[in-house]
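Notes to accompany the following structure.
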Amino acid sequence: MDWGTELWDQYDIIEKHTQSGLELVEKYVKFVKERTEIEQNYAKQLRNLSKKYNQKRGSKDEPECRLSSYQSFLDILNEMNDYAGQRELIAENLMMNICIDLTKYLQELKQERKTYLMEAKKAQQSLESTYKQLDSSKKRFEREWREAERSAQYAEKTDQDINATKADVEKAKQQAHMRAHIAEECKNDYAAQLQKYNKEQSQFYFNDMPLIFNKLQDLDEKRVRKLAQGYVLFSDTEKHVMPIIGKCLEGITKAGTNVNEKNDSGVVIEQNKSGFERPGDLEFEDYSQGINRASSDSSLGTPKGPLDLMGKNKSKNFWLFSKRNKPTVTEDFAHLPPEQRRKRLQQKLDEICKELQKEVDQSEALGKMKDVYEKNPQMGDPASLASQISQTSQNIERLRGELSKYESWLAEAGGRGDTLRYKTHTFNNNGAHDAHSPDGAHSDESTPDASQAIYAEFDDDFEDEELAAPIGKCTAMYSFPGASEGTISMQEGEVLAVVEEDKGDGWTRVRRNNGDEGYIPTSYVTITLSK
């Protein structure tokens with residue numbers, strides 16, 4: 001069934017129907033645009049919500065950061081942020097694949113429809129013009145035939161009139177003959193115009209208009225197919241991101257299952273344990289037996305009361321529920337309880353050791369560069385490095401002083417002093433290497449030839465560190481680039497050995513099978529410790 005056969009006389013209906021179809025496409029495009037705006041606003045609100053409740057920069061050292069419940073909440077916020085990204089992707093794909101594509105296609109449809117309708121109007125105008133010519137020839141034929149009849153009647157009447165002359169009769173007959181000839185020509189012209197019109201009318205109704213109507217039908221069917229594809233894309237666009245959205249929701253579920261209340265309780269104990277002993281019983285002071293005030297005061301000199309048990313922290317209020325004044329922060333962390341003081345001193349020592357190792361490595365690199373410049377002057381002036389070498393040496397001496405100071409404080413606090421090992425190299429004025437042990441003492445070994453120092457390996461000068469035994473393993477939940485110094489990259493699903501647990505700063509030290517070590521975000525992995 002086609003429009004050209006079945007709807008040959010329904011031009012107005014076809015024109016109205018095709019226009020209505022184009023309006024439906026425009027309406028659908030507008031609907032999808034509003035849907036994308038909703039998705040974009042939803043994603044924006046989700047991102048703002050995640051940002052609002054996410055931890056602020058510089059707050060990773062806060063005590064609650066090590067709690068599994070707190071970390072899981074941060075994981076949920078991160079997953080919600082990823083979820084918002086998927087909603088943005090839906091909006092973007094809807095706009096690109098439906099709105100923009102259908103809008104462009106709609107313009108093409110409008111232009112094509114306009115062309116077909118113009119063809120139909122031209123054909124109709126041509127047929128109307130032919131009909132006007134037919135009607136004109138018909139009226140002329142009718143008029144001339146009547147004139148010919150009157151002329152024939154007049155000639156016959158004149159011929160029968162006895163009073164008419166022979167000339168009058170001859171003239172009347174000639175006039176009648178002339179009118180009959182003209183009427184015959186008009187008749188032939190009318191017949192020709194009629195034949196022409198009938199032919200054009202047949203062409204119009206059986207060829208031209210059916211062809212145009214069929215083209216409009218094909219155009220409308222293509223529009224319907226394209227619109228149907230847009231309907232399917234509306235669903236497929238969201239289906240495409242469903243697996244990722246599902247993964248985000250699984251991550252939220254996993255964050256809930258990762259909460260460990262016992263572990264959180266242990267973290268609270270570890271972070272807040274003071275190291276003090278419980279106060280002993282107070283002795284009874286019998287003033288009725290003549291014990292004077294001075295002796296009673298002296299009797300409190302033994303560390304039996306709560307104030308005496310606190311040692312050098314006497315000034316602190318030891319009552320459990322009393323409000324404590326904020327202590328004055330000191331460099332040696334003496335304001336902290338013993339246990340917490342030892343931890344902070346140890347942490348500070350580790351930081352100094354890392355910074356010292358960086359300065360030592362910098363000094364070593366500058367020394368090598370100086371040796372190269374001395375051997376190859378065209379590459380650079382050795383004197384240009386003097387200020388950097390001097391500054392690095394000053395930094396090393398300053399850090400060694402701080403290291404010694406904090407080690408003494410740690411020893412005073414009863415700590416073990418387990419600081420990071422580091423290798424130190426300083427350089428004399430000639431650019432030769434002087435090796436130092438970690439405590440700053442010179443070793444007996446030295447470099448006799450400066451040229452050998454450029455390419456020499458330092459494995460023989462220093463004892464290699466033994467690799468720490470793994471304490472567990474971890475599986476990466478997400479990829480991590482490891483671009484920062486001291487970090488290591490990993491891929492999603494990769495299994496690594498855990499060398500050092502998270503110290504509360506959100507980082508865990510791991511090792512690959514090839515021996516590469518570095519730090520990774522604790523929240524990016526699932527950790528299983530060896531029992």
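The values are calculated or read from the model by the stated rules, or taken from the named source; none is laboratory data. Keep in mind that what you see is a predicted model, and the values were worked out from it rather than measured. Neighbour counts run over all protein chains shown; Cβ positions are idealised from the backbone, glycine included. Side chains included, ligands, DNA and RNA excluded: accessible areas come from the protein's heavy atoms. Shrake-Rupley method; radii C 1.70, N 1.55, O 1.52, S 1.80 Å.
Mind checking whether some residue in region 372-379 is part of a helix (DSSP H, G or I), closer than 26 Å to Thr330 by Cβ and of a type in the set (Phe, Trp, Tyr)?
no
Contact list please: Cβ distance under 6 Å, first residue in region 492-509 and closer than 17 Å to Pro470 by Cβ, second residue among the hydroxyl-bearing types (Ser, Thr, Tyr) and not in a strand (DSSP E or B), pairs at least six apart or on different chains.
From region 492-509, the pairs are Asp502/Thr522; Thr508/Thr522.
Does any residue in region 275-288 that is under 22 Å from Leu336 (Cα atoms) and touching a residue at least 40 places away in the same chain (Cβ under 8 Å) come within less than 6 Å, Cβ to Cβ, of a residue that is of a type in the set (Asp, Glu) and open to solvent by less than 100 Å² (accessible area, probe 1.4 Å) six or more places away or on a different chain, and which pairs are these?
As it stands, the answer is Gly275/Glu339, since those pairs meet every condition given.
Do we have Glu147 as touching a Leu at 6+ places or on another chain (Cβ under 7 Å) and in a helix (DSSP H, G or I) here?
No; evaluated as a whole, the condition is false for this residue.
Counting only residues that are of a type in the set (A, V, I, L, M) and open to solvent by 70 Å² or more (accessible area, probe 1.4 Å), how many does region 187-238 have?
Qualifying residue count, region 187-238: 3.
Identify all residues within region 1-59 that are of a type in the set (Ser, Thr, Tyr), over 17 Å from the mean Cα position of the chain (by Cα) and within 28 Å of Asp101 (Cα to Cα); write none if there are none.
Thr18, Ser20, Tyr28
Consider region 385-408. How many of its residues are open to solvent by 70 Å² or more (accessible area, probe 1.4 Å) and acidic (Asp, Glu)?
The qualifying residues number 2.
Keeping to region 286-301, report how many residues are surrounded by 14 or more Cβ atoms within 10 Å (Cβ to Cβ) and at pLDDT 75 or above.
The qualifying residues number 0.
Only one residue in Glu119, Glu184, Glu147, Glu142 is within 26 Å of Asp12 (Cα to Cα) and either open to solvent by less than 90 Å² (accessible area, probe 1.4 Å) or modelled with pLDDT of 95 or more (or both). Which one?
Glu119
How about region 354-384: which of its residues are closer than 21 Å to Glu500 by Cα and surrounded by 18 or more Cβ atoms within 10 Å (Cβ to Cβ)?
Result: Leu356, single match.
Among the candidates Glu112, Glu108, Glu119, which residue alone is without any contact (Cβ under 8 Å) to a residue 24 or more places away in the chain, under 60 Å from the mean Cα position of the chain (by Cα) and within 30 Å of Glu26 (Cβ to Cβ)?
Glu108
Return the residues of region 480-492 that are polar (S, T, N, Q) and either touching a Cys at 6+ places or on another chain (Cβ under 6 Å) or open to solvent by 60 Å² or more (accessible area, probe 1.4 Å) (or both); say none if nothing qualifies.
Those that are polar (S, T, N, Q) and either touching a Cys at 6+ places or on another chain (Cβ under 6 Å) or open to solvent by 60 Å² or more (accessible area, probe 1.4 Å) (or both): Ser484, Gln491.
Can you name every residue in region 472-521 that is closer than 25 Å to Glu79 by Cα, of a type in the set (D, E, K, R) and in contact with a strand residue (DSSP E or B) (Cβ under 7 Å, 6 or more places away or on another chain)?
Lys473, Glu492, Glu494, Glu501, Asp502, Arg509
Being of a type in the set (Phe, Trp, Tyr) and in contact with an Asp or Glu (Cβ under 9 Å, 6 or more places away or on another chain): is that true of Tyr205 here?
Spelling it out, Tyr205 is indeed of a type in the set (Phe, Trp, Tyr) and in contact with an Asp or Glu (Cβ under 9 Å, 6 or more places away or on another chain).
Going by what's in this entry, would Ala228 be described as in a helix (DSSP H, G or I) and either under 30 Å from Lys27 (Cβ atoms) or among the small types (Gly, Ala, Ser) (or both)?
yes
Determine which member of the set Glu170, Glu119, Glu142, Glu128 is acidic (Asp, Glu), assigned to a helix (DSSP H, G or I) and in contact with a Phe, Trp or Tyr (Cβ under 9 Å, 6 or more places away or on another chain).
Glu142
Just for region 244-282: of the residues that are of a type in the set (Lys, Arg) and at pLDDT below 85, which one is most open to solvent (accessible area, probe 1.4 Å)?
Within region 244-282, the match that is most open to solvent (accessible area, probe 1.4 Å) is Arg278.
Yes/no per residue for (1) acidic (Asp, Glu); (2) open to solvent by 80 Å² or more (accessible area, probe 1.4 Å); (3) out of contact with any helix residue (DSSP H, G or I) (no Cβ under 6 Å at 6 or more places or on another chain); (4) farther than 30 Å from Glu185 by Cβ:
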| residue | (1), (2), (3), (4) |
| --- | --- |
| Met96 | no, yes, yes, yes |
| Lys104 | no, yes, yes, yes |
| Thr115 | no, no, yes, yes |
| Glu128 | yes, yes, yes, no |
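List every residue pair whose Cβ atoms sit under 6 Å apart, with the two residues 6 or more apart in sequence or on different chains, where the first one lies in region 7-33 and is free of Cβ contacts under 8 Å to residues at least 24 places away in the same chain and the second, anywhere, is open to solvent by less than 100 Å² (accessible area, probe 1.4 Å) and in a loop (DSSP other than H, G, I, E, B).
Pairs found: none.
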